[in-house]
Amino acid sequence: MALLRITSPHTQRAGRRTSWVMQMVILATIPGIVVQTWLFGWGTLINLMIACITALLSEAAILAVRRRAVGFFLKDYSALLTAVLLGVALPPVVPWWVTVTAVAFAIIFAKQLYGGLGNNPFNPAMVGYAIVLVSFPVPMSQWLGVQSMIPAGETLSFMQSLQAIFHHLPVIDSYTMATPLDGFKHKDLLDSQAAFSSIAALQGPSLNSWLWVNAAYLVGGLGLIWLRIITWHTPAALLGALLVMAGVFHLFDPSNTATPFFQLTTGAAMFGAFFIATDPVSSCTSNRGRLIYGAGIGILIYIIRSWGGYPDGVAFGVLLMNFSAPLIDYYTQPRTYGHKKAKTGLKVGEDN
Amino acid sequence: MQAAKLQTAQVFSFHGGIHPPENKTQSLQLPLGKPSLPNELILPLGQHIGQSSRPLVKVGDKVLKGETIAINNGFLSSFLHAPTSGTIAAIEERLIAHPSGLSDLCIILAPDGNETWTPLEPLDNWQDISKTDVLAYLSEMGIIGMGGAGFPTQVKLQGAHKNPLTHFIINAAECEPYITADDMLIREKTLELVLGIEILQHLVEADNIVIGIEDNKPTAIAALKAILSERNSQIQIAVVPTKYPSGGEKQLIQLLTGKEVPSGQYPADIGVLCQNVGTCVAVHDAITLGKPLISRFTTLTGDALKAPQNVEVLFGTPVAHLLEYADFEPKKLSRLIMGGPMMGYTLDSAAVPIVKTSNCILAASKKELPAPAPEQACIRCGMCEQACPASLLPQQLLWFSKSQEFEKAEHHNLFDCIECGACSYVCPSSIPLVQYYRHSKSSIREAREANVKSDLAKQRFEARKARQDAEAAEKEAKRLARQKASSNKATDKKKAAPEKAAPTAAAAPATTDESKKLKVDIAIGKSKLKKLQKQLLEAQENEHVEEINNLQLQVTDQEKAIASLEEQLAQMTSAAPDAPATNTAKASPAPVSDELKKAKVDVALIGVKLKKLQKQLVETPDDQELKDKVSAFETDLKAAQDTVSKLSESTQASTNTAAAEPKAAISDELKKLKIDAAIAKAAVKKVEKALKKAEEINAPEIEAIRQQLQEAQQRADELEKTLANPEAAAPKAAPVKAEPETNVDADAAKKRKIDLAIAKAGIKKAEKNIQLLKEQGKDEAEINASEWPSKLKEAQDKLAGLEKEQASEATAPSVATVTSAPIATANIDADAAKKRKIDLAIAKAGIKKAEKNIQLLKDQGKDESEIEASEWPKKLIEAQQKLAALEAEESTSATSVSTPVEKTAANSEAKVEPEMDLATQIKKEKIAVALAKAQINKLNKRLESSPEEADNIKQEIVATEQRLQSAETLLEKLIHSQTNMQENR
Ligand code: SF4
Ligand code: SF4
């Protein structure tokens, strides 16, 4: 006979545990990783390895310090997911200590010091990314170019990648080139048309490489939606807002702005929309809230890209919206069954 | 065609929902089973929502199948019938099927195996008789909602008449996994179900009748459709997609009508009625077959059963019996659940019986329902939110529940959670969300109950604060009164000086010291008393019974102590007629008027309360308690009004007499008494308040408080009595000291004088009261009935006694003091003599006043007989006679006094004004002068008001003026020896 008095429900959806959710998200990044590796060489994979090891070590260490069951929490794959997201977000030839710093900071400060999984108000991966972006701007802006565009004419070999990451690769300069966003940002006085015809980073192969990357992440993200791990609200709102912003400004000032298509297919647009902004812990809870949250990030991305100091704005956009997520939550409660309208705010005693 | 059209109904959708594995096929493999009779049937008395049924049988009774063995106990209750024939083996507590594993009173029936039916009486004419009768019949058949909660069906049907019914929904959704009892019931009893629905429709008259059924029951749907089209019925079938919890009442209503049941309301409020299929069949069986509800369809399923199936089982059958019937494998069993896996509850024991709401027994193996995975952190993935059929934010609710932020949880509509378990089911972190919600809900409910309690406590606290404030205010008022009195003393010294009536205070110090000490003692005692009373009240407020008794004893002790101290003080003050005492004549009105104001406020307050109560009484005329309260308040009011009238009189008296009368001592004492009385009354009021409060909250200490009230009232009454006749208390001490020593003797004499004065004042007051009564138009009988005449009499007797005493004693010392007057040592004697004179003067003034009163009556146009009937003339004569004895020696200005008397009545000639003592003539003369002056004034006034008597009055004036002159010359001779004294005044 049962000794445990277990209350209802007595059953659970089989298999769909938190670790499964995390694994699925990690798996959904594979298309992106493959495309990145194909375009930029082994650096991404090496970064991923460094990031994963750092994440597991720092998570285990801090769990041990916090006297938690290390094995149990490591198996939730949340630390690994953070590491993977950071690993693919960092430039492929970034020195190893940048990756370590970013991941360790993300795990220890952005996540565990807030109480671990589920309690962090900010997206840990983006905290780590922002930290290294602010602290080490030079290595962080060193993206590799597609093989047809760079002087070297080939992607880095595995050994070269290792050398670039762990030591120093003298010939690295012949492999790197600005990203399209970088290039567009530094078009200076050129108008758009001139920029797209003259700046190397804005040439077809470069743009196409980023189109591929974004397409790969879009595929992964759609997979997540199909698996019902994320809902469509955040990515759709994010991309929609970015599209609308880009479209409106392009309509008014076509000579100085890029097309909406350019905005959606360069940088971390898709990666951010499907993998970063949808981080459940630090985003909004209700569907309406997610729409607002996603739209906010989209708008912020466009603002930072156009007028900010950094070529891409996903990290800061996400972090800024993380701040407002609780507030949005309070004002976007769904209308509960049997209530005429949804409650907002936290006023108590105002039933309807 | 028409039937086909009618049978399709629009289906809406609801938010959320889950698709757990259905697991329904297992129990549908075998046909409906009919388990054998168990050894005993355990029939809990509380199988429904509401009051438990009352058993009709005793142990040992033989019952037939279908016989009523328990009847309803109130409105929300139900009947219970014997599921089979047999003997009542016991009525005792047994473990029942309940989420908390409780025991409850059960009737234990030992079947005899014969299954002998009691005669069945179907309600064939249900279409003709009134619906209420049909409902009553359903109640007697023990029919309750068989879907879940067990709500008595007749109550639900009655409630459905609140609004015009748009939808009558038959819930056949059966969305819980594993359960197929309703499915089987529809298959087996399709016709009965439809007939039952038709009977119910006759009762509720809904616009639409819809059977809501999930699309995973094709056989049942087909059977229903066949019958409905055959009967060309207006009943519609709405096939809803399989989704848990579509069988939830609210969700099914949303599915079939698109409407939502407003939060906190019932389906009937939006014109919808839901009935379970089982209930419909039971209604049919009851009305057309006359069979009460004694059995139901139950699903026996789970991996631990080799032969899972549906059974038609008699209520009271132990679960163990059914498990055995379904080839139970004990080794496999890991969890025994009553109900489905989503909302069912675990059973501790298989000994519990099947009841009217048991739809499934799930004997699950470990593999089937594994132990819950360890809870992980909520990653706010929102899956719960997507699944919640109530559109809640389960993850936020979890957060608030964990952090005990119940207000926020409530704001997030925690109480709209139907505990369906969908959120827990989908949660990837295996968080038992529903458990958290249940805990929060019960915590909030507890907090609400605690709130109600704390509200009561707050009321009590406020009452206590009000009481403390009142006490403080009282203290402050008393302090102010004292201050005023003392300052008045100081200012009045000058005013009193010309009266020259005040005696010196040579003998005072000793007594004042002692009295001071006594007063301090009293003050200490009173403060102790107050502290004790406060403690007592606190104890009552906090319901500490033992403390209350203890404190009450202490309070009474303290009260006694104070009373004795006060008595001593009274003696002391009467023995020490020192300067302040005599000089506060003017001071007395102030506190008295304060008193008066307070008393008037009391009257007003009581009046208001009385009115309120009377209003209440009008609303609820049968309330005995209210009536009692009203009468109590009426008496209160009466008492308060009495005090007011008394007080107003005394204020009048004191203002009237303040001119010349040294009634200081008495007014002091009066003041004290009045304050005491006021305190006592305040105590009474306080206790009454406490009593009322106690009555309001039905506190157990009502009796104690009532008793206290009585005691307090008694005390107040006593005090009032003493207040009413202070003269009675005052003279008691008088005869004690009478030694012929110079000092003591003089003191005694003084005291006697004062007593005399007091007594006279008392008489005056009594007379005034009578006068007042008369003015108020009370007839004689009433006045006689009041205590005043008798009091007057008493006082007069006392006065007579005192005066006699004084007269006999007066001669010796006073003669001696005439010569020694200027000498310092003999001062006291002289004072005494002076005092005596003053007293005499007072007495005379009293008589005069009486005469004045008579005059007043005349002025008011009362005829002679009335006046004669009043006691004034008599009194007057008595007083005059008494005076006559005292004044035998006096002759000089005698006639003048008698003059007004001549006019008032024929007996005025009886007045002989003897001179009393020549030695103290000076004082006498002064008074005489004053009196004569007053007389002249008065006469002049009268002259103005009644010119027809002018001659008479003029003569009088002349005579009085002569008298005045002679008195003044006499006075002049002696005046130089008085200068010192006058200055002292
Ligand atoms: S399903 Fe579980 S983990 Fe996900 S948000 Fe809800 S409670 Fe949190
Ligand atoms: S148990 Fe409550 S919160 Fe959870 S899904 Fe059901 S209604 Fe929503």
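The values are calculated or read from the model by the stated rules, or taken from the named source; none is laboratory data. Every value quoted in this text rests on a predicted model; they were computed, and no experiment measured them. Here the Cβ is made from the backbone with ideal geometry for all residues, glycine too, and neighbour counts use every protein chain on show. For accessibility, only protein heavy atoms count, side chains too; no ligands or nucleic acids. Shrake-Rupley method; radii C 1.70, N 1.55, O 1.52, S 1.80 Å.
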SASA check, B:Tyr266, accessible area w/ 1.4 Å probe, all protein chains in place, rounded to nearest 10 Å², comes out at 150 Å²
Cβ neighbours within 10 Å, averaged per peptide: list B:42-48, B:270-276 in order, most packed at the top.
B:42-48, B:270-276
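What's the average, rounded to a whole number, of partner chain beta-carbon atoms within 10 Å of each residue's beta-carbon in B:413-422?
Numbers: counts 10, 1, 2, 4, 2, 1, 3, 2, 6, 2.
That works out to 3 on average.
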For chain A, take the longest principal axis of its alpha carbons; what is the angle in degrees between that and the long axis of helix A:287-307, to the nearest 10 within 0 to 90?
20 degrees
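Can you give me the relative contact order of chain A as a percent, contacts being Cα pairs under 8 Å and 6 or more apart? Show your work: numbers first, answer last.
Working: 550 pairs, mean separation 55.7, N = 352.
With pairs under 8 Å counted, the relative contact order is 16 percent.
Ranked highest first by average number of other Cβ atoms within 10 Å, how do B:153-161, A:195-203 line up? List each step's numbers first, then the result.
Numbers: B:153-161: 20.7, A:195-203: 17.7.
So the peptides B:153-161, A:195-203, ranked by packing, come out B:153-161, A:195-203.
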Could you give the semi-axes, largest first, of the ellipsoid that matches the stretch B:47-105, computed as the square roots of 5 times the alpha carbon gyration tensor eigenvalues and rounded to whole Å?
20, 15, 10
Based on the Kirkwood radius over alpha-carbon pairs, what is the Stokes-Einstein translational diffusion coefficient of the stretch B:383-467 at 37 °C with 0.692 mPa s viscosity, in µm²/s?
233 µm²/s
For B:368-381, what's the mean count of beta carbons from other chains sitting within 10 Å of each residue's beta carbon?
6
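Charges at C-beta only: +1 for Lys and Arg, -1 for Asp and Glu. How large is the resulting dipole of the stretch B:4-364 about its Cα centre, in Debye rounded to 20? Provide the component values of the computation, followed by the final result.
Working: 26 positive and 36 negative charges, 92 e Å.
Using only the charged Cβ atoms, the result is roughly 440 debye.
Rounded to the nearest 0.05, what FRET efficiency is calculated for B:Thr132 and B:Ile71 with R0 set to 22 Å and r the Cβ-Cβ distance? Write down the numbers at each step before the final one.
Values: r = 18 Å, r/R0 = 0.82.
Once rounded, the FRET efficiency stands at 0.75.
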Nonlocal amide H pairs with B:Phe328, under 5 Å, H built at 1.01 Å:
B:Lys306
Amide proton proximity set for B:Ala238, modelled H, under 5 Å, gap of 5+
B:Ile211, B:Gly212, B:Ile213
Rounded FRET efficiency, nearest 0.05, which uses the C-beta distance separating A:Arg228 from A:Phe72 and R0 of 30 Å:
0.75
Assigning unit charges at the beta carbon (Lys, Arg +1; Asp, Glu -1) and nothing else, what dipole magnitude in debye, to the nearest 20, does the stretch A:114-249 show about its Cα centre?
360 debye
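Once you average over the residues of B:331-343, how many Cβ atoms of partner chains fall within 10 Å of each Cβ? Write down the numbers at each step before the final one.
Details: counts 0, 0, 2, 3, 5, 2, 4, 0, 2, 4, 5, 4, 4.
If you average over the peptide's residues, the count of other-chain Cβ atoms is 3.
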Amide H to amide H, which residues 5 or more places from B:Gly421 or on other chains are under 5 Å from it, using H placed in the peptide plane?
none
Would you mind computing Rg(Cα) / (2.2 N^0.38 Å) for the stretch B:4-364, counting N as its residues?
0.94
Apply the Karplus curve 6.51 cos²θ - 1.76 cosθ + 1.60, θ = phi - 60°, to the phi angles in the stretch A:95-107 and return the couplings in whole Hz, x for Gly and Pro.
x, 4, 6, 5, 4, 4, 4, 4, 5, 4, 5, 4, 6
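Hey, any idea what the orientation-averaged projected area of the convex hull of the stretch A:18-177's Cα atoms comes to, in nm²? Intermediate values should be presented prior to the final figure.
On the way: hull surface 36.3 nm².
If I average the Cα hull's projected area over directions, I get 9.1 nm².
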Relative contact order, percent, of the stretch B:383-467 when contacts are C-alpha pairs under 8 Å separated by at least 6 residues?
28 percent
What does the accessible area of B:Lys560 come to, in Å² to the nearest 10, when a probe of 1.4 Å is used?
140 Å²
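Go through A:His167, B:His284 and list them by solvent-accessible area, largest first, probe radius 1.4 Å.
Details: A:His167 145, B:His284 15 Å².
Greatest to least solvent exposure: A:His167, B:His284.
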Label point distance in nm, B:Lys528-B:Ala351, each placed 7 Å from Cα along Cα→Cβ
6.5 nm
Cross-link pairs beyond the 28 Å C-alpha cut-off, checked among A:Lys111/B:Lys243; B:Lys478/B:Lys528; B:Lys189/B:Lys441; B:Lys62/B:Lys189; B:Lys250/B:Lys331; B:Lys189/B:Lys367:
A:Lys111/B:Lys243; B:Lys189/B:Lys441; B:Lys62/B:Lys189; B:Lys250/B:Lys331; B:Lys189/B:Lys367
Angle between chain A longest axis and helix A:43-65 axis [Cα atoms, degrees, rounded to 10]
30 degrees
Of A:Val134, A:Val213, which has the most accessible area and how do the rest follow, probe 1.4 Å?
A:Val134, A:Val213
Between B:Asn937 and B:Asp469, how many nm apart are label points set 7 Å from Cα along the C-beta direction?
4.6 nm
The stretch A:218-279: chymotrypsin sites (Phe, Trp or Tyr not before Pro) in DSSP coil with no more than 13 other Cβ atoms inside 10 Å
none
Where chain A is the region considered: accessible area per residue in Å², 1.4 Å probe:
42 Å²
Just want the answer: with Cβ charges of +1 for Lys and Arg and -1 for Asp and Glu, which residue in A:Ala51, A:Gln12, A:Ala102 is farthest toward the dipole's positive end in the stretch A:1-144?
A:Gln12
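Distance cut-off 25 Å, Cα to Cα: go down the list B:Lys65/B:Lys131; B:Lys517/B:Lys560; B:Lys517/B:Lys844; B:Lys156/B:Lys259 and report the pairs above it.
Working: B:Lys65/B:Lys131 27 Å; B:Lys517/B:Lys560 18 Å; B:Lys517/B:Lys844 37 Å; B:Lys156/B:Lys259 19 Å.
Long pairs (Cα-Cα over 25 Å): B:Lys65/B:Lys131; B:Lys517/B:Lys844.
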Can you tell me the convex hull volume per residue for chain A, based on C-alpha atoms, in Å³ to the nearest whole number?
168 Å³
Translational diffusion coefficient (Stokes-Einstein; Kirkwood radius from C-alpha pairs) of the stretch B:424-494 at 37 °C, 0.692 mPa s, in µm²/s
185 µm²/s
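Sequence gap at least 6, Cα distance under 8 Å: using those rules, report the relative contact order of the stretch A:55-199 to the nearest whole percent. All intermediate terms of the calculation are to be shown ahead of the outcome.
On the way: 154 pairs, mean separation 30.6, N = 145.
Reported as a whole number, the value is 21 percent.
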Determine, at each q value in 0.10 (inverse angstroms), the log₁₀ of I(q)/I(0) that the Debye formula gives when each Cα of the stretch B:204-338 is one equal point scatterer.
-0.49
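Total Å² of accessible surface buried at the B-A contact, 1.4 Å probe, nearest 100? Intermediate values should be presented prior to the final figure.
On the way: alone 45430 and 17360 Å², together 57860 Å².
Approximately 4900 Å², summed over both chains.
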If you roll a 1.4 Å probe over the stretch B:383-467 with all protein chains in place, what percent of the accessible area is carbon or sulfur?
53 percent
Two-site FRET efficiency, A:Val65 against B:Ser430, from Cβ-Cβ distance with R₀ of 25 Å, rounded to 0.05:
0.45
Sort all Cα-Cα distances of the stretch A:140-197 into consecutive 5 angstrom bins from zero, then give the percent of pairs in each bin up to the one containing the longest distance.
4, 18, 22, 20, 15, 10, 7, 4, 0
Run the quick spin-label model on A:Tyr114 and A:Lys341: label points 7 Å from Cα toward the beta carbon, then report their separation in nm to one decimal.
3.2 nm
